[in-house]
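These notes concern the structure reproduced below.
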Amino acid sequence: MTSPGVREVLARCREQGRAALIGYLPVGFPSVEGSIQAMVAMVEEGVDIVEVGIPYSDPLMDGPVIQQAAAAALEAGTRVDDVFRATAAVRAAGAPPLVMTYWNLVLRRGVERFAADLAANGGAGLITPDLIPDEAADWIAASDRHQLDRCFLVAPSSTPDRLAQVTAQCRGFVYAASTMGVTGARSSVSDAAYDIVTRTRAVTDLPVCVGLGVSTRQQAADLAGVADGVIVGSALVRCLFGEGELSQRIEALRALTRELAAGVREGRP
Amino acid sequence: MSEQRPAVGRFGPFGGRYVPEALIPALEQLDEARLKAAVDPDFEAELARLHRSYTGRPSIITEVPRFAAHCGGARVLLKREDLNHTGSHKINNVLAQALLTKRMGKSRVIAETGAGQHGVATATAAALMGLECTIYMGKVDTERQALNVARMKILGAEVIAVEHGSATLKDAINEALRDWVTNVDNTHYLIGTVTGPHPFPEMVRDFHRIIGVEARAQVLDLTGRLPDAVLACVGGGSNAMGIFHAFIPDAQVRLIGVEAGGEGLASGRHAARFAADATPGVLHGAMSYLMQDEDGQTIESHSISAGLDYPSVGPEHSWLRDSGRAEYRYAVDSDVMDAFHLLCRTEGIIPALESAHALVGAMEVGRELGPEALLLVNLSGRGDKDMHTAAAYFGLIEEAQ
């Protein structure tokens, strides 16, 4: 594997004096092929790291846009196996793929088998929205064996003790939820985002990337001023909804990606 | 800080806390509050007062000889949780959690509900204690339990019909969890059953434990001996944990949970999590037995009773099953309706369809054990809410609308 990992990408962005852009899309929406084309398009337009979602029947951290996309993907027959095709394609396009998954999908496959399959298919690691480090002994061991990154989440409600405990188990970067709530674009990204990044930096040297609610170039620029990476999900997924040709929807996705990529380059003096 | 703390809230391998990090502080706050309350005489006195003068505890036991004639002649006693204020056992846990909500300085409660009994109990406690209240209920359930929707609204609660997914209890829980993670500052999620992340399974069990404590003494008092078996229906499993818990040390007493067999296992439309090819998994914050496909996607459950229509089960039940202390069987919809009808006609007691599952269990176990047997059945709720379903099933109403 010659392409860079998550840490190298984040270090390179830092050298360039900018934040990284991390883009989320779920596998299987609007189809497995379509989602892979869309992920590759994001990489071509400036996404530095791709967060590859696996659709799940009970996505309790997701708002309406991602819920709908996941439901449509499952309805169309998307399987967990499909995620490994996506990670391989994203890796071939030159960006590290991190898989975002609810925990039961990993448990069901078996933590060790999931980790081995992920590593064999170019995957860089996992983002686990409903797994806290306290419950993650098997995943921590498997990710060590397969040299995979582990992005646990921290939230505005996290106490200093929890921030220290959680970040101690992260590898790659720390995923900071900017607001209390579920995924979905918001008109303003709260002061809580600045607060959580600052408090997280106080307890770890790892890069801190911020997600939940980012949808515009201006928001990306604002967050790029404080965070090492800006994570965008629902706003990108929304581009893939609609009646038109898939190629047109992917054009809309490319346009938004270019805007966001410009945003993460504007945040710093 | 590289070592992990030991996992909390486990029943053997089951339970735990599989939730977003954002909820951890609220769960720790809740755990602290309930442990403090458990040793606080003021809390105990206030709860005891509410049980006595608001709910109407202790609930009685009723011997049902005419029904028992259909149970192999075994002696059958019903623990009458249906006589509680609001019509089911749910109020026991709700009053206690509402008191905790006030103690934690929160002003709003949210809850999920399937049959509507937990929603009604929560709306009731919110009215009593001046709390803001939002209830999440699957759209399918709002239709089959319309009476309870009206009750909740009359009591001042906002009822949100959840339309996505299977539009039943599991989707209502997803939506309640989304609300909680957004509003956790001022909101307590008043979970209505013995599942969810620690400390809910343990805490809700402790708040229902009074059912078994009372019943054990009442049965001894009436018959001079312990029952041979204690039976209860199991959806999430709160009424069953409530009546089982005090009997767990009595090794000679069989603990029998009855799941919803729906239209039968072969149909795939059931909620018998422990039957067929049962496997553990994680849903709604807890590791437990779960209806799931080979990828780990949740399989939709089915039951004629909304309160048992749930694809997972409280983690302590999984542990009681795997350790052999409790046994689980299931009752199919048609047998449930027959047992429902039989209790109405032989004893003049209209049970909830959920509780009628336990009655099917009593009929089977009574026939297995014969006339010497003594059975205690938790009649967890009354059937007023089920009149529409029952009337339609038995063809008592015109299909006019």
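Taken together, the values in this text are just the output of simple stated rules run on the coordinates, not laboratory data. A quick note: this is a predicted structure, and the numbers were derived from the prediction, not measured. Positions of Cβ are generated from backbone atoms using ideal geometry, with glycine treated the same way; all protein chains shown enter the neighbour counts.
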Neighbour-count order for B:Glu81, A:Glu243, fewest beta carbons within 10 angstrom listed first: A:Glu243, B:Glu81
Chain B: relative contact order as a whole-number percent, Cα under 8 Å and 6+ apart: 21
Pairwise Cα inverse-distance average, inverted: Kirkwood Rh of the protein assembly as shown (Å): 25.9
Separation of alpha-carbon centers, the range B:252-299 and the range B:32-58, rounded to whole Å: 34
Cα-based helix-to-principal-axis angle, B:169-183 vs chain B, degrees rounded to 10: 20
GluC sites (Glu not before Pro) within the range B:283-325, DSSP loop, no more than 15 other Cβ atoms inside 10 Å: B:Glu294
Kirkwood estimate for the range B:287-401, i.e. one over the average of 1/r between Cα atoms, Å: 16.1
Helix B:210-223 vs. chain B, principal-axis angle (Cα, 0 to 90°, nearest 10): 20
Whole-angstrom gap from the range A:15-72 to the range B:160-191, using each part's C-alpha centre: 25
Between helix B:24-38 and chain B: long-axis angle, C-alpha atoms, 0 to 90°, nearest 10: 60
C-alpha center-to-center spacing [the range B:318-359, the range B:122-136] in angstrom: 30
Chain B: Cα Rg divided by the 2.2 N^0.38 Å rule of thumb: 0.92
Surface/4 estimate of mean projected area, convex hull on alpha-carbon atoms of the range A:123-191, nm²: 5.3
Formal net charge of residues neighbouring A:Pro30 (Cβ-Cβ distance under 14 Å; K, R +1; D, E -1): -3
Of all DSSP beta bridges in the protein assembly as shown, antiparallel share, percent nearest 5: 20
Cut-off 18 Å (backbone N to label point 7 Å along Cα→Cβ of A:Ala88), residues of the range A:1-28: A:1-3, A:27-28
Length released on extending from B:Asp40 to B:Asp338, taking residue separation times 0.36 nm less the Cα-Cα span: 102.7 nm
Kirkwood Rh and Cα Rg combined as Rg over Rh, evaluated for the range A:1-148: 0.95
222 nm mean residue ellipticity, helices alone, for the protein assembly as shown (DSSP H n ≥ 4; -39,500 (n - 2.57); rounded to 500): -13000 deg cm²/dmol
Cβ-Cβ FRET estimate between B:Glu368 and B:Ser267, R0 fixed at 22 Å, reported to 0.05: 0.30
Cα extents of the range B:229-372 along the three principal axes, largest first (Å): 47, 34, 23
Exposure proxy ranking, count of Cβ atoms within 10 Å, fewest first, for B:Ser267, B:Ser238: B:Ser267, B:Ser238
Point-to-point label distance, B:Ile397-A:Ala262, nm (Cα→Cβ direction, 7 Å offset): 6.1
